[in-house]
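I have placed the structure first, in the form of structure tokens, so that the comments after it can refer back to it.
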């Protein structure tokens, strides 16, 4: 069991008819159970099989993104996307039988109330009519990913993908930055018609899913799919308004200072990534250099992270090189039957590579800890609105080791990273509001939707300017954000959890030992509590409360503004 590598794991196509038969048999056993112990045994068996099935699915997902031109894994992904929705009624039937059991009190005593909260959510968010819609949705999202992965931009004598071209956004020559940004823009403009069609179809499909469940549109179902049980649209809207009032003015100051540093009248869209006139911090090498540095850092950070990084390296659980045909994305996923996280990225020689080794590995560390501390796989993954606290906070905890990755440019790295933590948030809430607008107003034409993005830029990013770029000027920037297409209503999580990360930054400065203990608690608890319960357990604030954004960000904002004055 211990002597294995990810690359050597064997994939076997699941027998879905056998899975359905087994789910039905487990349901019958639950319904005829004479004791809670009988149900615990069914739960143990089903959890084991669920972990195996999930791991097989992960193998296909990862290998397809590693090489989107591999026809075998493309076909397997198509097959899984067709079959998995058809399992849903059987899975819901089994979980419903457990929830309706006379032994529910004993089950709740053993696994906590969150177990049944998740079951209730699954019941409310499922209906048979949505199965073919989920299958159509999967086909469309796969097409979007394939378009992105097939990107080939001819620039600087090279053929670049979407990750490769972005390195030029930091180039010292402003004309090259502008040209690279236009080349990036042109790719999306060239595919605008089909991307419009895909998005239009996704809106209609997802809204139909919502209506099939009795909702006006997809939005309530989207929230359910994100596991949100103790807050809703009003709370998120209040958070977005706090961002507009508190962070947008701060970001305007940040970009005014950046323009002054760069010696330009104002920061254009293609200037935003060029933080310093003499160049941004850059990694000291590629993944072969940086991964050993990460291993050294994690050993020094804590015994837990040292054990974790050795596990990741020993089992080949990271694929970080940028290669032709590789999907232009970055993520962490897991193999639950091996209690193993997996990290995927496309390094491009920017500080984004360093952030992968802290952000995505922050996700991975949380999964590693939860899988070793939670009794059932339902709790291995925390709610999506908690997940990004793990990753963004890990970025902050790793600040003292920046020299390991960027050498004598560490102060530059820390400044730029902190600046981006703030400037990202207005963009993140704009992505969220854009989705609300699109699903609530399906009557909008594709061009009208894009104009809505333009208006949101004026609202949340008033500094954003595009020179001689008609496509971006009318709102085309949103097309590049894959979360809009693939993971509806996920993106707000990055902004909510920025507040938690900023709180951990302050706590770490005041009491590192106490902050790290709270962080470990957050990681170990996994998904065994609701969002608000988890925040309280880790001694973090609720970002929806009035004044929460200002309080959470004040410490880091003071540091950043002081550094701006000194530069």
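For this structure, a couple of remarks:
- Semi-axes of the equivalent ellipsoid for the chain, Cα gyration tensor, largest first, Å: 38, 27, 25
- Using the alpha carbons alone, the radius of gyration of the stretch 233-277 stands to its Kirkwood radius in an Rg to Rh ratio of 1.17.
- Distance distribution P(r), the stretch 40-94, all Cα-Cα pairs, bin width 10 angstrom from 0: 22, 43, 26, 9, 1 percent.
- Taking the C-alpha atoms of the stretch 374-438, convex hull volume expressed per residue in Å³: 120 Å³
- Taking other C-beta atoms within 10 Å as the exposure proxy, 215, 405, 415 rank 215, 415, 405 from fewest upward.
- From least to most packed, judged by other beta carbons within 10 angstrom and beginning with the fewest, 480, 390, 441 follow the order 441, 480, 390.
- Alpha carbon Rg of the stretch 291-412, scaled by the compact-globule rule 2.2 N^0.38 Å: 1.04
- Measuring max minus min along each principal axis, the C-alpha atoms of the stretch 12-124 give extents of 51, 26, 23 Å (largest first).
- Considering all different alpha carbon pairs of the stretch 436-522, the Kirkwood hydrodynamic radius works out to 15.9 Å.
- Order of 537, 490 under a 10 Å beta carbon neighbour criterion, fewest first: 537, 490
- The P(r) of the stretch 210-264 has a tail past 15 Å containing 66 percent of all C-alpha pairs.
- The stretch 343-412 - Debye-derived log10 I(q)/I(0), Cα point model, q = 0.13, 0.14, 0.28 Å⁻¹: -0.43, -0.49, -1.24
- Rg to Rh quotient for the stretch 63-166, alpha carbon positions, Kirkwood Rh: 1.21
- In summary, the stretch 112-215 shows an alpha-carbon radius of gyration equal to 1.59 times the 2.2 N^0.38 Å reference for compact globular proteins.
- In the chain, the DSSP-assigned H stretches of four residues or longer account for a calculated mean residue ellipticity at 222 nm of -21500 deg cm²/dmol, using -39500 (n - 2.57) per stretch and the full residue count as denominator.
- Gyration tensor over alpha-carbon atoms, the stretch 513-558, equivalent ellipsoid semi-axes in Å: 21, 15, 6
Readers should treat all values here as calculations from the given coordinates under stated rules, not as data from a laboratory. Everything quoted here is computed from the prediction, not taken from an experiment. Note that we place each Cβ from the backbone using ideal geometry, even for glycine, and neighbour counts take in every protein chain shown.
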